[in-house]
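Here the structure is laid out as structure tokens; the discussion comes afterwards.
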């Protein structure tokens, strides 16, 4: 058991990229973590980590040990699951990763209902716009937006990733709302910062695909920043529906060209919003419960599209859906 605990501690240090970060996560004193890793190295008779005042790195044999230790701990978890699946409701700690803005608007509210339904669970939520390696970071399940890059993960689609083009009522008081895609070229367009080249917005509608080059006095690498600027009346913006929803409901933003499918970059195809988790022989009850809950919570169509489509006509439908989640 001492060797197994040392193995677990070692993998946590590697994932956290340091003794201090690992000790905070584990609720231990950094010096204790360091001593136990040193004891593990002395037992094995090899140096696993290169230590310096500024960084920590794996030795060649340390990399090999980390890969084998990760596999062994994963198989041990599968063995424990094989027993625990026969009894009781989901329990333990569920580690979830989500994009920051989507997590704030949609995952955190979902977790309040999820944890009410499963009181024996505890959630560790990591909000980051970086794509993390789930196995290396020790993440059980993640929300991903856009095209999926890894085929090593099991993915379940929650919703399509759609956009709307919108601006504030005060902006439309000063400027005539565009009636066709070409009209946006004459507006101040708040654009997302992609790598190089002109900014081209893509439209697909009654007359097929259209591309319009746009310009404006604000470019940002955050849809949240563009949403704030649009709400202040600075110009037109293309925003994900899930991001724009609160401002559309409140009337701070209004949509235009709703008969078109739009994208903030040329040639971009409609992506998706997925929940993903590593391939395993057995999927834990806590992961399965979270995935099923998120599918139910978001719904089909997703509640942000339901609420934005004809607010407040469908408001009652949305309230009934959320009530069913709370009561179940």
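Summary of computed values
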{"read-out": "Those residues of the range 2-54 which are out of contact with any strand residue (DSSP E or B) (no Cβ under 9 Å at 6 or more places or on another chain) and at positive phi, in sequence order", "value": "27, 45"}
{"read-out": "Odd one out for residue 300, checked against (1) at pLDDT below 65; (2) within 18 Å of residue 243 (Cα to Cα); (3) under 23 Å from the mean Cα position of the chain (by Cα); (4) surrounded by fewer than 19 Cβ atoms within 10 Å (Cβ to Cβ)", "value": "(1)"}
{"read-out": "Of the criteria (1) in contact (Cβ under 8 Å) with a residue 60 or more places away in the chain; (2) assigned to a loop (DSSP other than H, G, I, E, B); (3) within 28 Å of the chain's Cα centre (by Cα), which one residue 177 fails", "value": "(3)"}
{"read-out": "Test set (1) crowded, with 19+ Cβ neighbours inside 10 Å; (2) modelled with pLDDT of 90 or more - residue 134 fails condition number", "value": "(2)"}
{"read-out": "Any hit, the range 89-102, residues being in contact (Cβ under 8 Å) with a residue 12 or more places away in the chain, surrounded by fewer than 14 Cβ atoms within 10 Å (Cβ to Cβ) and either out of contact with any strand residue (DSSP E or B) (no Cβ under 8 Å at 6 or more places or on another chain) or part of a helix (DSSP H, G or I) (or both)", "value": "yes"}
{"read-out": "Test set (1) within 26 Å of residue 295 (Cα to Cα); (2) outside the structural domain of residue 107 (by TED's automatic domain parsing); (3) in contact with a strand residue (DSSP E or B) (Cβ under 9 Å, 6 or more places away or on another chain) - residue 275 fails condition number", "value": "(2)"}
{"read-out": "Criterion (surrounded by fewer than 18 Cβ atoms within 10 Å (Cβ to Cβ), part of a helix (DSSP H, G or I) and modelled with pLDDT of 85 or more) met by exactly one of 43, 126", "value": "43"}
{"read-out": "Any chance residue 250 is closer than 19 Å to residue 306 by Cβ and without any contact (Cβ under 8 Å) to a residue 40 or more places away in the chain", "value": "yes"}
{"read-out": "Condition check for residue 259: over 18 Å from the mean Cα position of the chain (by Cα), within 30 Å of residue 189 (Cβ to Cβ), outside any helix (DSSP H, G or I) and modelled with pLDDT of 75 or more", "value": "yes"}
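Let's see how each residue does on (1) modelled with pLDDT of 90 or more; (2) closer than 17 Å to residue 139 by Cα; (3) not assigned by TED's automatic domain parsing to the domain that holds residue 77:
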{"residue": "19", "(1), (2), (3)": "no, no, no"}
{"residue": "25", "(1), (2), (3)": "no, yes, no"}
{"residue": "30", "(1), (2), (3)": "no, no, no"}
{"residue": "33", "(1), (2), (3)": "no, no, no"}
{"residue": "48", "(1), (2), (3)": "yes, no, no"}
{"residue": "51", "(1), (2), (3)": "no, no, no"}
{"residue": "55", "(1), (2), (3)": "no, no, no"}
{"residue": "61", "(1), (2), (3)": "yes, no, no"}
{"residue": "65", "(1), (2), (3)": "yes, no, no"}
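The values are calculated or read from the model by the stated rules, or taken from the named source; none is laboratory data. None of these values were measured; they are calculated from a predicted model. Methodologically, a virtual Cβ is constructed for each residue, glycine included, from the backbone with ideal geometry; neighbour enumeration extends over all protein chains shown.
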